[in-house]
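Just so it is clear, none of the values below were taken in a lab; they were calculated from the coordinates. All values derive from a computational prediction rather than experimental measurement. Cβ placement follows ideal geometry from the backbone for every residue including glycine, while neighbour counts extend to all protein chains displayed.
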Amino acid sequence: MTARIAVLASGGGTNLQAILDYLASKSEKRSGDVVLVASDRPEAGALERARGAGIAQAVLKSSRAPEGCVLTDLLREHRVDFIALAGFLRLLPKDVIAEYPSRILNVHPALLPSFGGAGMYGDRVHRAVLQSGAGVSGATVHYVDEEYDNGTILAQWPVPVLADDSVQSLAGRVLRVEHVLYPRVIDAVASGRWKFGSRPRAVPDAAAFSLMHWDEKHLIEDIENAFGL
């Protein structure tokens with residue numbers, strides 16, 4: 001049985017597209033289907049991507065209502081099994097966390113626990129990495145709990161910070177990794193190969209980042225081999 005996945009996004013939806021493309025590439029062997037895309041921003045490109053793919057969309061005008069949690073009701077309506085956050089900027093209501101324990105994933109554009117927490121998203125993260133003088137950044141897939149970027153880490157992948165990097169160039173390099181890593185972890189969880197609440201997988205040695213490949217083909221091979229995906 002394929003899992004029913006909801007994706008929550010606030011922006012353009014490139015990670016959503018990566019998830020859709022990867023699941024589609026699995027054909028009849030795919031572990032899940034995205035059945036709902038919801039956003040707190042009616043102009044979010046993610047909603048347009050969902051519309052083009054024939055997936056139900058919803059705009060979250062408010063996370064709560066007097067009669068209960070609007071988002072929880074929406075997820076129940078679509079019989080969602082688990083949730084993937086893809087650039088969703090709101091803190092999830094406690095009702096949703098309680099309804100989906102260890103069934104909510106997020107991808108963060110740095111190596112948590114560094115450069116995470118409230119207000120740390122998008123360019124703010126990459127700017128903080130550059131200002132710190134760090135030589136390595138990366139992408140982190142983690143479970144979601146009641147605090148920003150606090151849940152148990154499932155997988156990470158290091159990304160080199162180059163001497164001439166700008167916020168934009170570093171962001172682009174990290175995003176390439178997100179687009180490879182995140183869909184594969186979602187697939188592993190949705191298929192049951194990685195159990196809900198499972199321990200973190202092996203994290204590559206950040207000191208070896210300079211030896212890793214950065215063309216798409218080899219990046220995919222490196223990530224799949226490292227995590228057994």
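For the stretch 1-49, GluC sites (Glu not before Pro) meeting the loop criterion (DSSP other than H, G, I, E, B) and having at most 14 other Cβ atoms within 10 Å: GLU43. This model, with +1 at the C-beta of Lys and Arg and -1 at the C-beta of Asp and Glu, gives the chain a dipole about its Cα centre of some 360 debye. Projected over every direction and averaged, the convex hull enclosing the alpha-carbon atoms of the stretch 35-150 yields 7.8 nm². Once the Cα atoms are used to define both axes, helix 14-25 deviates from the longest principal axis of the chain by about 80 degrees.
Placing dummy labels 7 Å off each Cα toward the beta-carbon, the span from ASP215 to ASP73 is 5.3 nm.
Return the label of the correct value of mean projected area of the Cα convex hull in nm², as calculated from the structure shown, out of (i) 16.8; (ii) 12.9; (iii) 12.1. Here the calculated entry is (iii). Taking Cα atoms only, the orientation of helix 167-191 departs from the longest principal axis of the chain by about 50 degrees. Highest average first, the peptides 91-103, 107-119 ordered by how many other beta carbon atoms sit within 10 Å of their residues are 107-119, 91-103. Peptides 127-137, 11-21 ranked from most to least packed give 11-21, 127-137, packing being the mean of other C-beta atoms within 10 angstrom over each peptide's residues.
Helix 216-227 and the longest principal axis of the C-alpha atoms of the chain enclose an angle of approximately 80°. Here, the stretch 1-100 is characterised by an Rg to Rh ratio of 0.96, where Rg is the alpha-carbon radius of gyration and Rh the Kirkwood radius.
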